[in-house]
Ligand SMILES: [Zn+2]
Ligand SMILES: [Zn+2]
């Protein structure tokens, strides 16, 4: 499989001299499994440059690509209105993305192209564009086995596991480790009170021999985290969210992003060969990201994980898996 990154930044594009080495475009990369399939992961602003590149590939009007959306936050769809191949008749695009509670995937993606926001509507793009809504599970697209896995983000978000010809690429962003919602010191105090009428009742419930919500919450969080690790197990390449450092994380709990220490943990525990950390924090300079790589290498050395490779995804980076 061949992977190329076109946008690696999280949240908002960050052009400027401090980000030229790592890149400032938002989430987009392509996967070419090797049998002529063409998959695009997310449609952040990186997809604009990918589209221009595709226009030079000699198959104008004959493109047949699948676009897998992790979710529909802006930084994962806001490049699509600028994706030139979607304007070319004969080209075919099929979006796959998570089903939403109250809105169709097509309406969310095309909503950003209403006249209030953009001069051209989605239906005026001349290519054929279809939308497939996904839930968790396994299926096959163009001979590639794909497993979709729910992640921990404020909106339904999917990670994807692509398996083809004995190789595996896994994507897991935007996501943070699951934590126990019943722990007072962590968060969701209101939610706890709502469910259990405050800690007194929870304690009373425990005294009466009922389930202890705190230890039950720990168990569920651990199971959910284990599920994501199993989903990543043995990947040849994993693209993982590591927006924060562990020092930054406490003020960002619940925002749906992981730390570089989470990246180290999942890479080692799920036996991932190469992990590209991705969705870089907008304020992070090239120097800071390279500093994160040095920290990771020291940590991996300390833990004796000499077969685990972790590096920052960079715009333009190509990986043969
Ligand atoms: Zn994002
Ligand atoms: Zn998001």
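Computed from the coordinates by the stated procedures, all read-outs in this text should not be read as laboratory data. If you're wondering where the values come from, they're calculated on a predicted model, not measured in any experiment. Please note: Cβ atoms are built from the backbone with ideal geometry, for glycine as well, and neighbour counts cover all protein chains shown.
Alpha carbon centre of segment 98-115 versus segment 255-307: separation in Å? Using only Cα atoms to place each centre, the spacing works out to 33 Å. With R₀ fixed at 56 Å, the C-beta to C-beta distance from residue 120 to residue 226 puts the FRET efficiency at about 0.80. Within the listed set 98, 154, 33, the residue fluctuating most in the Gaussian network model of the chain (springs between alpha-carbon atoms under 10 angstrom) is 154.
For segment 2-320, the antiparallel share of DSSP beta bridges with both residues in that region comes to about 45%. If the segment from residue 219 to residue 261 were pulled out straight at 0.36 nm per residue, it would be longer than the present Cα-Cα gap by 13.0 nm.
Of the residues 55, 238, 125, 317, the one with the fewest other Cβ atoms within 10 Å heads the list, and the complete ranking is 55, 317, 125, 238. With the simple spin-label model, which puts each label point 7 Å out from Cα in the Cβ direction, the residue 288 to residue 320 separation comes to 3.5 nm. The spacing between segment 70-91 and segment 152-177, judged by their C-alpha centroids, is 20 Å. Taking the chain as a Gaussian network, where each spring joins two C-alpha atoms under 10 Å apart, which residue of 222, 172, 270 fluctuates the most? Top of the fluctuation ranking is 222. Fewest neighbouring Cβ atoms within 10 Å first, the residues 308, 171 line up as 308, 171. The residues 6, 255, when put in order of fewest to most other Cβ atoms within 10 Å, stand as 255, 6.
Its residue count N sets the reference 2.2 N^0.38 Å, and the alpha-carbon radius of gyration of the chain equals 1.05 times that reference.
Taking label points 7 Å from Cα along the Cα-to-Cβ direction, residue 302 and residue 82 give a separation of 4.0 nm.
Springs between alpha-carbon pairs under 10 angstrom, Gaussian network model over the chain: which of 244, 164, 150 fluctuates most? Highest fluctuation of the listed residues: 164.
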